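What follows is one structure encoded as structure tokens, with my remarks underneath.
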Amino acid sequence: MRVTDVFEPLPLPTDPLLAEWAASLNNGGHWAQIYDAAWRLVYVTNETRLMARDTPAASRFYIGSHRFSTESTQFFMSVVRGEYLRSEFRRAQFLDLGPYVLASTPGGRDELRRLVDPEYADLVDQLEPKDPPDAWKGTDASATYAGVASAASATWFRIDDRHGHLAGFCVQYMPVAGMSQLAAALLTVDLAHLARIRVVEHADRRPAAILMADLEASSPLARRLSSAQYFAFNRLLVRSADDCILDAGGIVGRHAGDGVVAFFLAETAVSESSAANGCITAARTLRGALVDIAAQSEIHDAELCLRFGLHWGSTLYIGRILTRGRSEVTALGDEMNETARIEACATGGRTLASKALIERLNRADAEDLGIDTAHARYTPLADLPTATDKARRDAPAIAVCEV
């Protein structure tokens, strides 16, 4: 038996047929595990292993361990959690799968009793051996992912070699939601954005550029338009904002009304300069999209005025909040409040960027944006004619310039 870390590359099984199954399932991005004919775990796909990322660091996959051994039982309890924490569920699952396990255990009941965890030993005598079919539906179970319980279903496949001899088993998992439901939720998802979100799966301090934008005079506009027209406009604005953020390599933050929040992590942008570049680029692109948004919404473009506040967060605490009803990325820290103060001062549809953000740009990125960082002139928020009372109170010394 070999202990394998969740993030360590996993070799394919030595059996050529099982290796073919393993490679195909892994390359297809499936949740799956492969067992040999003796019900020993020989392979786990990458996507299955990634689901264990929010588990304690001590969690390991026990390659070579029997499906119902003590090691495997403890592993499933620590990683899958959910219903696996209940002894009655584990025992019911053993009774469900046990007849097939017994039928393919050469030593019969005595050998199986020796292999399994003691909590199953008294159940072995209740089993009647049954030849495993080509495929069968396994037991549904709830699993815990990122702190949220969700249901998953299992389908088992018998793997025979070309001579009809048993070579092993494959179990493939999927959410209990139907494919039509999954497709409706995921067909429009940006895969690169999902990869960036995985970086912040666990909340931690991460340096990032911050973008905040808000629509000026939204209340009069909402009163003038019908609810249906204003909703359609707001939906178009949010979609356009998200597109601009994603195209610039950012992570979409929380939407609140007409407000937009985004983060551009140095970690995913390769450098702090690239993150700052992406932040400024997203703001400029969204501003340029306002004319088209107004035309599609049958609103005069003079009525649409977005304030932008751009800032750098050196000590942001960023993470993902995942519940049964939503998934969002949010951040805490003084720089978040400072960005809000900058944005509130950017009246008249301006884009104000802090000195802390601008001076993250290297020469190449600054030239790409057309910004002369060597001769930039900054103004403290407190000295701006448009400074709000909160800005003068909370962030009077934050230096900004218009970009």
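The values are calculated or read from the model by the stated rules, or taken from the named source; none is laboratory data. Computed from a predicted model, the values in this text were never measured in an experiment. Backbone-built Cβ (ideal geometry, glycine too); neighbour counts: all protein chains shown.
Looking only at region 368-403, which residues are of a type in the set (Ser, Thr, Tyr) and closer than 14 Å to residue 353 by Cα? Steps first, answer last, please.
First, pick out the residues of region 368-403 that are of a type in the set (Ser, Thr, Tyr): 373, 378-379, 386, 388.
Selection gives 373, 378, 379.
The selection criterion, being within 36 Å of the chain's Cα centre (by Cα), part of a helix (DSSP H, G or I) and outside the structural domain of residue 198 (by TED's automatic domain parsing), holds for residue 49.
Within the option set 288, 325, 349, being closer than 24 Å to residue 234 by Cα, in a loop (DSSP other than H, G, I, E, B) and free of Cβ contacts under 8 Å to residues at least 12 places away in the same chain holds for one residue only, 325.
Of the residues in region 86-98, none is assigned to a loop (DSSP other than H, G, I, E, B) and at pLDDT 95 or above.
Tell me yes or no: at least one residue of region 296-310 is closer than 20 Å to residue 255 by Cα and among the acidic types (Asp, Glu). So far as region 296-310 goes, no, none of its residues is closer than 20 Å to residue 255 by Cα and among the acidic types (Asp, Glu). Within region 50-75, the set of residues being closer than 28 Å to residue 200 by Cβ, surrounded by fewer than 20 Cβ atoms within 10 Å (Cβ to Cβ) and either modelled with pLDDT of 80 or more or of a type in the set (S, T, N, Q) (or both) comprises 55, 59.
Identify the residue in region 244-270 that is modelled with pLDDT of 95 or more and in a loop (DSSP other than H, G, I, E, B) and, among all such residues, is surrounded by the fewest Cβ atoms within 10 Å (Cβ to Cβ). Within region 244-270, the match that is surrounded by the fewest Cβ atoms within 10 Å (Cβ to Cβ) is 249. Of the residues in region 316-330, none is modelled with pLDDT of 95 or more, under 20 Å from residue 275 (Cβ atoms) and charged (D, E, K, R).
Which is under 25 Å from residue 192 (Cα atoms), touching a residue at least 60 places away in the same chain (Cβ under 8 Å) and not basic (Lys, Arg), of 310, 332?
Working: 332 fails: touching a residue at least 60 places away in the same chain (Cβ under 8 Å).
Matching residue, one of 310, 332: 310.
Test residue 335 against the stated conditions and say whether it is among the charged types (D, E, K, R) and in contact with a His (Cβ under 9 Å, 6 or more places away or on another chain). When the stated conditions are applied, residue 335 passes them.
Looking at region 230-243 only, could you name the residues that are surrounded by 15 or more Cβ atoms within 10 Å (Cβ to Cβ) and either of a type outside the set (Ser, Thr, Tyr) or in a strand (DSSP E or B) (or both)? Let's see the steps before the verdict.
Start the filter on region 230-243 by keeping residues that are surrounded by 15 or more Cβ atoms within 10 Å (Cβ to Cβ), which leaves 230, 232-234, 236-238, 240-243.
Within region 230-243, 232, 233, 234, 236, 237, 238, 241, 242, 243 qualify.
Here the condition is being among the acidic types (Asp, Glu), modelled with pLDDT of 95 or more and touching a helix residue (DSSP H, G or I) at 6+ places or on another chain (Cβ under 7 Å); of 15, 36, it holds for 36 alone. Residue-level analysis places residue 330 outside the set of residues that are closer than 21 Å to residue 252 by Cα and in a loop (DSSP other than H, G, I, E, B). Cβ separations smaller than 6 Å between residues 6+ apart or across chains give the following pairs from region 375-392 residues that are in the same structural domain as residue 355 (by TED's automatic domain parsing) and surrounded by 14 or more Cβ atoms within 10 Å (Cβ to Cβ) to residues that are of a type in the set (S, T, N, Q) and in a loop (DSSP other than H, G, I, E, B): 386/347.
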